[in-house]
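Accompanying notes for the structure given below.
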Amino acid sequence: MGRPEHEPARRPAAASSMAIACADVPALPLSIAPPAIEGVVAALAELLRRFSPAVEPAAGEPGTFWLDASGLARLFPSPAGWARAIHAALAAAGHTAYVAVGWSRFGVYAAARSRPRGGVLLLADAEAERRAARRVALARLGIDDEARVALERLGVRTVAELVRLPAAGIQRRFGAAIYRLHRLATGVDAPPLAPASPPAPFVAALELDDPEPDRERLGFLLKRLLDPLLGRLATRGLALAALHVGLRIGRSPPSARPLEWSLRPAAPTLDAVQLMGLVRLRLERLAVERGVVAVRLLVDGVPATRTQLELFAVPPRRDPAAAARALARVRAAFGEDAVVRARAGSGHLPEASFAWEPIDRPRAQPRPRAIAPRPIVRRVLAAPLALPPRPRREPDGWMPRGAAGGAVVHLDGPFVLSGGWWRREIERDYYFAELRGGAVLWLYYDRVRRTWFLHGEVA
Amino acid sequence: MDARRLPTGLVFASAAADASAERIAAPGWSLDETRGRLVELSGHAALTLAFGLVLDAQRRDEPIAWISSRASHFFPPDAAAGGVDLDALPVVRVDGAAVARAADQLGRSGAFGLLVLDLGGQDVPPPLVARLAGIARAHDATVLCLTEPAFAPARGDRAGRELGSRLGSLVSLRIATRRRRDREGFVCELRAVKDKRRAPGWVYEDACRGPAGT
C-alpha cells in the first residue's frame, strides 16, 4: 500500500520539530464535475482533521492539503507513525495518496507532488528537504503549460534550475504564477499555514415555554425551523441529504437523552413539502404525550444540482430596483450631488483628469478588465493642503506631517506639470515622498505660489 | 480544462487575464472570505487592496457602493487603470461623519453585495457598528471599512500608542496592510490580525506597480 518511509523515527529529536506535512491526492476521478469536487475536498479535509487540527486545502489544487504537524507527539508515536496513519486513512477511503512530512510549505509540497504513485516520505532535516524539493521537475507542480514550455526553452526543467534564475524579470517574462513559485521555492515567501475552519453546521434549535404534546403543532414548529435552514442551504448551493431531529421531552430527568431520529429523503432535496411529509410520518410514531420542551434540527448538506436550486425558487440575490431606491434615499438625505460616478476628464492636472457625475443608478452589468499587475491606487484630497514652509535647517529631516508621520526617507521626483497660462498659470513639481513610517505622500511644489502642497497619498 | 487541477499550483491565484478564472482576488482575499462579515482594513495598502475586492465583486456581478467623504477619496484614474468599471461603481460622497449613516441606509436595502466605507480617521458610534455588522450578516454582504489605526493620546515625550481597531469587537475580520518595494515594483500585503472564522495570521500578497515615477 505505501512505500517505506525514508527516515523512520531514527531521529526523534529532529523529527519532533517538524512543522508541516503535505498530503497529495492526485487522482480525484476525472468524472467528478467541478462543483462536486468541493464536496470531495471538504470530505477529505474533514478526514484529515482527525490527524491535525489545522488543515489547509490548497487553493486551486483540489486534492492537495497542508497539515500542521506540530504538537502531536502525545497522540502519535512518531512523525512517521503519524504520516503512515494519514496514508492508511486515505487509502481506506479509496484514495491513492502521498504524504510528505517536513519543514516548510513548499518543501513538503514539492516532495509530495514528485511521487504520484503514493506512499509516505519523512524528510530528515531542512537541508534534506531542500535537496529533495530542488530535484523536482516543474512539470510535476501543475504550472501553466505555456509557462512551462517557455521555461523549458531556456533549459529550466527543475526547481533547482528555476531558483537559479534572477528574480528580476520573471514576472514580466513568465507571469505572476511563475514569479510566486520562484519566491516560494527560494524561500523569500513563506506564508504561514492558513487552516480552513470546518464548515459551520446547519443547526436550528428552539426552547418552548410550555410542553407541547400535540403532534400537529409540533409539525408546525419543526417547519418553522426547517424553512430558514433550507434557505441557508440554497444560498450555499447545497441540498438536504439528511435531517437529524432531537426532541427533549418534558419532565424527563436532566440526564435523560433527548428523543433523536434521522430521516433521509430519497434524493437530496430542498423541497420543504416533501421533507415535512416525512417528518409528520415519523412524528405519528413517536410518544410525545408528556410534551416536547425543546427541539433541535441538524442538517447534512451536499452540493445541489441546478434543478434542485431552481425548484427551491431562490429569489434573485440582489434587487436592482431596491438598490436604486436606496440610492434615491441617500440623495434625499444627503443632497442630489451625493450619489455620483467618476468620469474620465481630459485635463492633464490630476484634479482635471476626472470628474464626478451625478447618477440615478449604476450600470447594471459591470465590465471589469483583468490587469496584471494592478496599479497602486492613490488617495487624493479634494483640495490640496498647503504645507508649512520648510525651515532652512532640518536636523531631523523633512517632516511634512509633523513628528508623528516621521521624516522623509526617500523622494522620487520632480515630475513637472505646467500649463494654464491662458487663464491661471500653473507650475507644479510633483514628488512621491516616502516617510519613515511607511506612508508615501503625493506632494507638489507650486512654483508660482512658492508653497508645498499635499495632494494625496499612495495607498 | 482538467476538472482535477487548475493551472497555478501553489500560487494564491494569478492576476493574469485567464478567461477561465472566475476570480481575480485570491482565496483569503475574496468575497468568499468576506461575505456576511464586517471587515476592517487599515494600513498603507488598504485602498489598493480594497479595490481588489471591488474587482472580485464586479466579476461576480455583485452590486457595490463606495461611500467616502467629500474631502478625501480614491483617485479614479488609478482605479480605472486597475480594471475597475467605474460606470458600475456608484460613489456616495458625504461629509466625513455621515459615511457610516449613508452606508446604513444603503445596506438595509439588501441590494448591495459589497459596501466600502472609506472612513479615514472617523469614529463610528457602537450602535451604528452593530447595525452594519447585522446588515452584513442578514444580507450576506461584505461591509468593508477602511480605517486609520486609532492611537492613544501622546503623553509628554511618548508617542501615542496604537489601540487597534476603531470599530471595536464587532469586527469579524480585521486586516493590517502594508506595502513594500521589490525589484519588480511593489508588493501589497495584507495580514489577518483578527478573524472570527478561522485562525488569524493568514497573509495575502498582490504584486502591484507604483505610479509612474516611483
Exercise. Can you list the HN-Hα couplings for region A:425-442, worked out from phi with the Karplus curve (6.51, -1.76, 1.60; θ = phi - 60°), rounded to whole Hz and with x for Gly and Pro?
Worked result: 5, 10, 9, 10, 9, 8, 9, 10, 10, 8, 8, 4, x, x, 5, 10, 8, 10
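When a/c reaches 1.5 or more, the comparison of a/b and b/c decides; with that in mind, is chain A rounded, prolate or oblate per its Cα gyration tensor? Don't skip to the end; give the middle numbers.
On the way: a/c = 2.38, a/b = 1.31, b/c = 1.81.
Oblate, because a/c is 1.5 or more while a/b does not exceed b/c.
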Exercise. How much solvent-accessible surface does A:M399 expose, in Å² to the nearest 10, with a 1.4 Å probe and all protein chains in place?
Worked result: 70 Å²
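Please work out whether region A:56-129 counts as rounded, prolate or oblate from its C-alpha gyration tensor, where a ≥ b ≥ c are the square roots of the eigenvalues and a/c under 1.5 means rounded, while otherwise a/b larger than b/c means prolate and anything else oblate?
Note, shape of region A:56-129 comes out rounded.
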Seminar exercise, completed: FRET efficiency (A:A256, A:R50; Cβ distance; R0 41 Å; to 0.05) is 0.85
For this session: Quote the FRET efficiency, to the nearest 0.05, computed for A:A352 versus A:L387 with a Förster distance R0 of 25 Å and r equal to the Cβ-Cβ distance.
Result: 0.70
Exercise. Average partner chain C-beta neighbours within 10 Å, per residue of B:197-206?
Worked result: 5
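Helix-only mean residue ellipticity at 222 nm, chain A, DSSP H runs n ≥ 4 weighted -39,500 (n - 2.57), per residue, nearest 500. What is it?
Working: 13 runs with 136 residues, N = 459.
For chain A, the value works out to -9000 deg cm²/dmol.
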Problem set entry | Gyration tensor verdict on region A:331-459 (Cα atoms; rounded if a/c is under 1.5, prolate if a/b is larger than b/c, oblate otherwise) | prolate
Exercise. What does the average come to when, for each residue of peptide A:62-69, you count the partner chain Cβ atoms lying within 10 Å of its Cβ?
Worked result: 1
Exercise. How big is the gap, in Å, between the Cα center of region B:63-116 and the Cα center of region A:161-213?
Worked result: 28 Å
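Give me a single rounded figure for A:380-387: the average over its residues of other chain Cβ atoms within 10 Å of their Cβ.
Working: counts 7, 3, 6, 3, 0, 2, 0, 0.
Mean partner shielding for this stretch: 3.
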Seminar exercise, completed: Here the FRET efficiency for B:R178 versus A:R285, based on Cβ atoms and R0 = 60 Å and rounded to 0.05, is 0.45
For this session: Rank by packing, highest mean first: peptides A:337-350, A:383-396, A:82-95, B:110-123, with packing defined as the count of other Cβ atoms within 10 Å averaged across residues.
Result: B:110-123, A:82-95, A:337-350, A:383-396
For this session: Extending each Cα 7 Å along its Cβ direction at A:A93 and A:E152, get the distance between those two points in nm, one decimal.
Result: 3.3 nm
Seminar exercise, completed: Distance in nm between A:A126 and A:D446 label points, each 7 Å along Cα→Cβ, equals 5.5 nm
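Among A:R153, B:R198, A:R74, A:R131, what's the order by accessible area (1.4 angstrom probe), most exposed first?
Working: A:R153 185, B:R198 50, A:R74 235, A:R131 125 Å².
Accessible-area ranking of A:R153, B:R198, A:R74, A:R131, largest first: A:R74, A:R153, A:R131, B:R198.
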Exercise. So how much slack lies between A:D396 and A:R217, counting 0.36 nm per residue of separation and subtracting their Cα-Cα distance, in nm?
Worked result: 56.7 nm
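Of all the stretches in chain A, which is the longest one without any exposed loop site, taking GluC sites (Glu not before Pro) in a DSSP loop (any state but H, G, I, E, B) with at most 12 other Cβ atoms within 10 Å? Spell out each step's value before the answer.
Values: sites that count: A:E284, A:E289, A:E336, A:E425.
Longest run free of exposed loop sites: A:1-283.
Packing-wise, with mean Cβ within 10 Å as the measure, how do A:290-297, A:264-271, B:65-72, B:50-57 rank, highest first? Don't skip to the end; give the middle numbers.
Details: A:290-297: 17.9, A:264-271: 15.8, B:65-72: 21.2, B:50-57: 25.8.
Descending mean neighbour count gives B:50-57, B:65-72, A:290-297, A:264-271.
The values are calculated or read from the model by the stated rules, or taken from the named source; none is laboratory data. Keep in mind the model is a prediction, meaning the values are calculated, not measured. Quick reminder, even Gly has a Cβ in these numbers, built from the backbone with ideal geometry, and neighbours come from all protein chains shown. Surface areas here come from the heavy atoms of the whole protein model, side chains and all, with no ligands, DNA or RNA. Shrake-Rupley method; radii C 1.70, N 1.55, O 1.52, S 1.80 Å.
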